[in-house]
Structure formats: structure tokens, C-alpha cells
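A.B. asks: This is the structure I have questions about; it appears just below.
The values are calculated or read from the model by the stated rules, or taken from the named source; none is laboratory data. Because the structure is predicted, anything quoted here is derived from the model rather than measured. For neighbour counting, all protein chains shown are included, and Cβ atoms are generated from backbone atoms with ideal geometry for every residue, glycine included. Only protein heavy atoms, including side chains, enter the accessible area calculation; ligands, DNA and RNA are left aside. Shrake-Rupley method; radii C 1.70, N 1.55, O 1.52, S 1.80 Å.
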Amino acid sequence: MNIKFLDLGLQPLANSYQKSHKKKTKKKEKLYKLSVSFNTKTKLVSLVNRIPDKKMFNNTYPYKSSMSKTMIDSFKELSKKIKKRFKPNKFLEIGSNDGALIKNFANNKAICVEPCSNLAKITKKNGYFTYNEYWNLSLAKKIKSAFDKIDIIYSANTLTHINDLDEVFRSISYLLDKNGVLIVEDPSFLECIKKVSYDQFYNEHIYLFSALSVKNIINRFNLELFDIEKLPTHGGSLRYYIKHKVNKKIKIKKSVSHQLSREIRFGLRNYATYKKFALSVTKSKKNLIKIFTDLKIKNKKIIGYGATAKATTVLNYCNIDSQMIDYFVDITPDKINRYMPGKNIKILKYNRKLLDYIDYIYLGAWNFKKEIFKKEKNFIKNGGKFITHVPYPKII
Ligand code: TYD
């Protein structure tokens, strides 16, 4: 049974950065209900309302994995680890984006699956065999007939974006060699609760995984977890290592039971924990609005740093608009000179000088806090302050 526990109001599509200001366009931006539910049986957390894939993942998808040094370094490290630990012959990535990970593998050993044509074009150009398609069983069959079974399937921040999770894992189970390994990386719901980072929820993130829910879902397809790693990426993620149950050559590591116990101890099997989280979210909203209002009363100049999809959830849920935040800065070309969805705040091309006369910066990309603080040490040295809502609204 699915029980709704969190309501984040009406929200625009998180990655639909608007071309022009609301007042200058006749086309009204569409808003969708965003609320979150918990399945009492599988423990899976998911959005109540779903948006069709084609509205979200198309030829204008702006997110690029290679935009941050943190991600590039993390992918380089991971590719080394995969090569050493599993020595793959055929490596397949579902949601290969602009190839940030795959470029660490030889062209003849790696296959990309990417539904957004603007991104698929990049890996194709770089010589990688790329399927510009959505992940499903018919694609898995096509890949099998072309390449036979695959020994490593990897997917980061993608499977949780696909509505039909059963088909996702059925197709993976079908294509993965019997001795093969599936590696899945996604934000951890436990971390999300601990950090009150409710902005992990937006229309693309249909699911937010925990080890408990992953274990339950994959069990139906005769797959099982054999290792779990904790990662700092995307505000705290888990990397799940999965194999066919019939493969007894790979031993199950203690990390699996440790993570499961951690989640059970925290109460992820109980509805009360989810209700408590929803109350923390309401409190976070109230306190963040207070910070912004108090600063604006004092005429402080505030901008946003990192025009993230996550920030779209926060701005729309807390009703923070261009009266509060003058503009956002970001380095992603496809976001520059556009407007934050739903709130009409312009996104400017990042330039250090844009921070010169600013009092406060709202950290839209709080998950890159370390990298950003390092980059902006002069802003901090000159008395500039940051605002964040994670793990609770505060000025740093
Ligand atoms: P991310 O948190 O990965 O995405 P989302 O919430 O959209 O899934 O995106 C980080 C954004 O922050 C991305 O648009 C790039 C931007 N950014 C900067 O502009 N400068 C920086 O130094 C860093 C690290 C990120």
C-alpha cells in the first residue's frame, strides 16, 4: 500500500529552464502536483504523480555530468576501480549523459544508452556505440542480439527517473551475464531524511532508493545485493553492487547488512519516520523564508549559486522569487540567460566579478559546497556569506 506523507505543492518541470521572463511570454508555464508516498510493503519512496518521460528527457535536457570537477574525479576513480575489480569485457551504461564516465573506457568495450539526443550526440561523436533510446526490454533484446550478454551494467542517477521499475530490472536481469555485475548509484533516502534535503524530490526523481527498497525490488528478478558503498555525491548517495542470485562465486559483503541495519535502526520501515520527516520539511520552509525576509528587510543583496533542479523545488515550495534573489550564477551553457522554472529568476553565466557587490549567496548546489567554498574563498575572505537550507536553514 502507498501512503502519501509529503506535499511539496505545485511545481514546474524542474529542468525546464524558461527562455524568457514570465511577463514577456504568452505561454503559461505548466505546474504539476508534487507529493511523495511510501510503500508499506517494499519501503520504496516515490512520487504520487508521474510526468511522461518525453516531457522531461528530450533533445534539450540541460544537465551535463561533466560540469563539475567533483563528478569528473569521482567517475575517473570509479572507472579505475571497476577495471581492477571486475575486468569488464563489455561495459554498458544506462543514462550515459555526456560520457563523463564512459570516456574512461575504450571505445570498443563500452556501450552507451541515452534517451536525450543532445547528449547521445556527444558520445556518438567520441566514437562510442550509443543507443539514443529509453531503457526497456525491447532495447535490452536489441543490445543482446548485437553484443550478446554484458558483463557490467552501470547506471548512476537514472533508474530512479524511470516510471516502470519492474521493467527496468527485468531488462537488466535479461541482459546481464550470469556472472555479471550491475552497479547502481543514486541519492540515499536515509541521507535525504538526515539532511532534510527535500529538494531531492522533483518530477524527474520518481523514486528515492534506500538499501531496504532496492533489496525488495530486485529480489523479484532473482537479483541480490552483494556490496554497498557510501558516496558523498549528490548530497549523499549509495552505490549498490548487484548480482544474479545463482552466481555463488561472488560473496556477499558485510557492507550490505550494515547499511540495512542502519536504515532499520533509523526507522525506515516505519511510517512514523516519514511523517516526522514531513514535519521537519515544513519547519525548514518556515525558517528559510525567515532568513530571506530578514535579510531583505535589511536591504541585503542576495543571489543564487548553482541553478539546480533541486533549487527549483525549494524556490517553488517556499515561494522565493526575484524579489528575494536577484539572479543565479551557473556554468552550464544550456542554463545561461534562461530563467529558473516557476520563479522567473534569471540565470547568468558564472563570472567571479558577479559576486563582487553581493552580501549573501544562496547555495542552490549545496551538494558541491566544498568545491564552491574552495573556489570562492575570496568572497568568504571579504565577508561574503552563504545561505543554505541543508541540513537546516542557516547562514554560513
Ligand atoms: P546538480 O546538483 O548536479 O544538479 P541537479 O540538482 O540539477 O540534479 O547541479 C549542480 C549545478 O551547479 C549545475 O548546474 C552546475 C552548477 N555549478 C556551478 O555553476 N558552479 C560550480 O562550481 C559547481 C560545482 C556547480
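A.B. asks: For Ser117 and Gln323, compute 0.36 nm times the residue count separating them, minus their Cα-Cα distance, and round to one decimal in nm.
C.D. replies: Stretched out fully, the Ser117 to Gln323 stretch lengthens by 70.6 nm.
A.B. asks: Mind checking the dipole of the range 44-268: about its Cα centre, +1 per Lys or Arg Cβ, -1 per Asp or Glu Cβ, Debye to the nearest 20?
C.D. replies: Value, rounded to 20: 940 debye.
A.B. asks: Only four residue types carry charge here, +1 at the Cβ of Lys and Arg and -1 at the Cβ of Asp and Glu. Report the dipole size of the chain about the Cα centre in Debye, rounded to the nearest 20.
C.D. replies: For the chain, the charge dipole is close to 520 debye.
A.B. asks: Turning to a different aspect of this structure: So what's the range 136-284 giving for Rg/Rh, alpha carbon basis, Kirkwood Rh from the mean inverse pair distance?
C.D. replies: Checking Rg against Rh, the ratio lands at 0.99.
A.B. asks: Can I ask one more? Express the carbon and sulfur contribution to the solvent-accessible surface of the chain as a percent, rounded to the nearest whole number, probe 1.4 angstrom.
C.D. replies: 53 percent
A.B. asks: Now for a different question. Before anything else, pin down the relative contact order of the chain: Cα pairs under 8 Å, at least 6 apart, normalised by residue count, whole percent.
C.D. replies: 16 percent
A.B. asks: Here is a follow-up. Rounded, prolate or oblate for the range 1-159? Axes are the square roots of the Cα gyration tensor eigenvalues, ordered a ≥ b ≥ c, and the cut-off for rounded is a/c under 1.5.
C.D. replies: prolate
A.B. asks: Run through the DSSP bridge list for the range 221-367 and note the antiparallel percent, rounded to the nearest 5.
C.D. replies: 45 percent
A.B. asks: Calculated from DSSP H runs of 4 or more alone, at -39500 (n - 2.57) each and per residue, what is the 222 nm mean residue ellipticity of the chain, nearest 500?
C.D. replies: My calculation for the chain gives -10000 deg cm²/dmol from helical runs alone.
A.B. asks: Ratio to report: Rg/Rh of the range 44-268, with Cα atoms as the point set and Rh obtained by the Kirkwood method; give two decimals.
C.D. replies: On the Cα set of the range 44-268, Rg over Rh gives 0.93.
A.B. asks: Bin width 10 Å, alpha-carbon pairs only: give the P(r) of the range 285-396 as whole percents, running from 0 to the bin holding the largest distance.
C.D. replies: Spelled out per bin, shortest first, that is 14, 53, 31, 1.
A.B. asks: Over its Cα atoms, what ratio of radius of gyration to 2.2 N^0.38 Å does the range 268-327 give?
C.D. replies: Normalised Cα radius of gyration, the range 268-327: 1.36.
A.B. asks: What percent of all Cα-Cα pairs in the range 258-303 falls in each 5 Å bin, counting up from 0?
C.D. replies: The percentages, shortest bin first, are 5, 19, 14, 13, 12, 10, 9, 9, 7, 2.
A.B. asks: Right, another one. Can you compute the charge dipole magnitude of the range 155-239 about its Cα centre, using +1 on each Lys and Arg Cβ and -1 on each Asp and Glu Cβ, nothing else charged? Give it in debye, rounded to the nearest 20.
C.D. replies: Its charge dipole is roughly 220 debye.
A.B. asks: How big is the chain in terms of Cα radius of gyration and Dmax, in angstroms?
C.D. replies: 21.1, 66
A.B. asks: Separate question: What full-extension length gain, to one decimal in nm, is calculated for Ser257 and Ser280 as 0.36 nm per residue of separation minus the Cα-Cα distance?
C.D. replies: In short, 5.5 nm is gained.
A.B. asks: Apply 1/(1 + (r/R0)^6) to the Cβ-Cβ distance of Asp148 and Lys109, taking R0 = 22 Å, and write down the FRET efficiency to the nearest 0.05.
C.D. replies: Between Asp148 and Lys109 the formula returns 0.95.
A.B. asks: Turning to a different aspect of this structure: Got a sec? Charge dipole of the range 44-268, +1 on Cβ for Lys and Arg, -1 for Asp and Glu; which of Met56, Leu223, Asn157 is way out at the positive end?
C.D. replies: Leu223
A.B. asks: Which of the peptides 233-242, 48-57 is most tightly packed, and how do the rest follow, going by the mean number of other Cβ atoms within 10 Å of each residue?
C.D. replies: Output ranking for 233-242, 48-57: 233-242, 48-57.
A.B. asks: Same structure, new question: How large is the accessible surface per residue of the chain, computed with a 1.4 Å probe and reported in Å² as a whole number?
C.D. replies: Accessible area per residue, the chain: 46 Å².
A.B. asks: Looking at the chain, what % of its DSSP beta bridges pair antiparallel, to the nearest 5?
C.D. replies: That works out to approximately 50 percent antiparallel.
A.B. asks: Next question, about the same structure. If R₀ is 30 angstrom, what is the calculated FRET efficiency for the pair Asn216 and Glu77, using the beta carbon separation as r and rounding to 0.05?
C.D. replies: Between Asn216 and Glu77 the formula returns 0.50.
A.B. asks: Moving on. Within the range 28-68, name every residue whose backbone N is under 14 Å away from a label modeled 7 Å from Cα of Tyr271 along the Cβ vector.
C.D. replies: It comes to 37-43, nothing else.
A.B. asks: Using DSSP, restrict attention to beta bridges with both residues in the range 44-268 and report what percent are antiparallel, rounded to the nearest 5.
C.D. replies: That works out to approximately 50 percent antiparallel.
A.B. asks: Another question about this same structure. Which Cα, out of Val36, Phe292, Gln259, lies furthest along the positive dipole direction of the chain (beta carbon charges, K/R +1, D/E -1)?
C.D. replies: Going by the charge dipole, the pick is Phe292.
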